[in-house]
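In what follows, a single structure is set out as structure tokens and then discussed.
The values are calculated or read from the model by the stated rules, or taken from the named source; none is laboratory data. As the structure is a prediction and not an experimental result, all values here were calculated from the model. Don't worry about glycine lacking a Cβ; one is built from the backbone with ideal geometry, like all the others, and counts go over all protein chains shown.
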Amino acid sequence: MAERDPVDLIKDQLNRWEELADLHPDNELFKQWHIETRTILEKAFSPKSTHVQNFLALRFREVNVKAFASPEISRINSARYKRDLENAKNILQSAIKELTLDRTLFKKIQTTPKMVEVSLKGQYFISSGIADPEMRSAIQSAFEGNELTPMKDSEVPRKEESLEHRMDRIRRARFGIYHLSSPEREDVLFEIGIALGMGKKVTIIYKKGTRLPGMIRKLTGIEYGNLSELTEKLKREMG
């Protein structure tokens, strides 16, 4: 498991908030998010902390007995789900605020902020232009030992894929890997724009010697000379 800054981890969970809005408590994506968020809060603070207890107090549904299922119950449960999802957002924002204040104190007393060990799950998006099996294998090798897998490609060629479908795959991914040395660079830049607009984490990879647009240089970038180097640098970046 990798050690990560708890502020970054909580921000990642917040960035997934919008994709959860139209789901329900039994959806696998929501359940995964809930477990991960609880784990992060418990490790960043403690199981008995106010943030954790407030998060655990959220029920995300009003009625839990399936025997009472009806359109009216579904409406009530949906309203409770959305309300508690908003409450969860406020809890996470409060947690970030506390950790940020603590960090200011850490700087004053020259102490290293606490890191937390986590095991991330889910899928990541691979941009247009990464069709070479060897490159895909190099990327996947960087995540061996984690429970992160590449998002399954569309059944149609990428160039024939609808904009809505591509946006949906970017939205459902935890993060994306975007190759800017690809012949399909224009498509990749477009995908990066979509991801940034959704608040998704963007990791750029490019071969040595590739010239990057000025604004793109501000994003997390991995320059590589060969595929082995790409794998190792991805491991360090994601670890």
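For the range 50-90, taking the residues that are assigned to a helix (DSSP H, G or I), of a type in the set (S, T, Y) and more than 23 Å from the chain's Cα centre (by Cα), the one that is modelled with the lowest pLDDT is identified as S74. Selection within the range 20-56: residues that are within 26 Å of E144 (Cβ to Cβ) and of a type in the set (D, E). The member of this set that is surrounded by the most Cβ atoms within 10 Å (Cβ to Cβ) is E36. Of the helices (runs of 4 or more DSSP H) lying entirely inside the range 133-212, the ones with 3 or more residues being farther than 23 Å from A21 by Cα and not assigned by TED's automatic domain parsing to the domain that holds E19 are found at 133-141, 185-197.
On the given criteria, is I130 surrounded by 16 or more Cβ atoms within 10 Å (Cβ to Cβ), in a loop (DSSP other than H, G, I, E, B) and of a type in the set (V, I, T)?
Details: surrounded by 16 or more Cβ atoms within 10 Å (Cβ to Cβ): yes; in a loop (DSSP other than H, G, I, E, B): yes; of a type in the set (V, I, T): yes.
In short, yes.
Checked against (1) touching a residue at least 60 places away in the same chain (Cβ under 8 Å); (2) in contact with a Leu (Cβ under 9 Å, 6 or more places away or on another chain); (3) crowded, with 18+ Cβ neighbours inside 10 Å, K201 passes all but condition (2). With the structure loaded, tell me whether E160 is without any contact (Cβ under 8 Å) to a residue 40 or more places away in the chain and closer than 18 Å to I130 by Cα or whether it fails that test. Criteria met by E160.
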